[in-house]
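Here is the structure we will look at, set down as structure tokens.
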Amino acid sequence: MPGSSSLTLFRRRLLAWYSRHARPLPWRRTRDPYRVLVSEFMLQQTQVSRVEIFYPAFPKRFSSIEELARARPKAVREAWEGLGYYARASHIHALARVVRRDFEGKVPENPEELERLPGVGRYTAGAIACFAYEKPVAAVDTNVARVIRRVFFGDGGRGTRDGSRQIWDLAAAIVPRNGKRAWKFNQAMMELGATVCVARKPKCPECPVRRDCKVGRRLGRG
Ligand code: SF4
């Protein structure tokens, strides 16, 4: 776990970079839980550029959880057409029905409750809690896990594979306690992993947090 002053610097540099470089993705402009939910389901197995094309149509076709819950399975599948991985369409439909039945149509805010819903894993639960309700909780997808592993573990360390307890514990410890900052921080971590700290060839020379990163510092010395 980094010291508090180095963590403060890391966050500050990351957030400043995000303010300047974030892509204007449509789901970043909303806090509507239903729309955030739709975007997270679509992003589970589909590239951002493709989701950008398909995302606007779904909430137009089914404007709320209620409407989605009432829809026929065939109609939901048709609205998912083009995105592939149709199990997601069945899951989001089943989720809408559970939310209507058990939560009076309101998407829960609590990650533990969210994780019990159909098609929602630990990452998606954290993402909905944070991106829709600005809860200061971790949301660790593959990109975030890679950034954490490189910055704080030097790309190694026992037990630091994606989804491991070490990665999640660290992610939870570094999320700002303020909800709005947590929202931005989690988005920024994902953005860094998607555009700079990419899987094959991380772009360390242009990385805003290279001075805070174990891998970046090592390369700087080389
Ligand atoms: S310095 Fe390199 S390895 Fe470290 S976070 Fe930035 S891009 Fe990733």
Counting Lys and Arg as +1 and Asp and Glu as -1, each charge on the Cβ, what is the dipole of the chain about the Cα centre in debye, to the nearest 20? 900
Considering only lysines 8 or more places apart in sequence, or on different chains, count the pairs in the chain whose C-alpha atoms sit under 17 Å apart. 6
Restrict the search to region 156-222; then list the trypsin sites (Lys or Arg not before Pro) that DSSP places in a loop and that have at most 13 other Cβ atoms within 10 Å of their Cβ. ARG158, ARG161, ARG177, ARG200, LYS203
Over the chain, with a Gaussian network built from C-alpha contacts below 10 Å, which listed residue (ALA138, ALA87, ALA182) shows the highest mean-square fluctuation? ALA87
Enumerate by residue number the GluC sites (Glu not before Pro) in region 103-194 meeting two conditions: DSSP loop (anything except H, G, I, E, B), and at most 10 other Cβ atoms within 10 Å of the site's Cβ. GLU104
Length-normalised contact order for the chain - Cα pairs under 8 Å, 6+ apart - percent: 20
Row for region 45-152, column shape: gyration tensor on C-alpha, a ≥ b ≥ c, rounded if a/c < 1.5 i.e. under 1.5, prolate if a/b over b/c, else oblate; value oblate
Count charges around ARG11 for me, please; just the other residues with Cβ under 11 Å from its Cβ, Lys/Arg as +1, Asp/Glu as -1. +3
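Each reported figure results from applying straightforward, stated rules to the coordinates on display, with no laboratory input. Keep in mind that this is a model prediction, so the values were computed, not measured. Neighbour counts run over all protein chains shown; Cβ positions are idealised from the backbone, glycine included.
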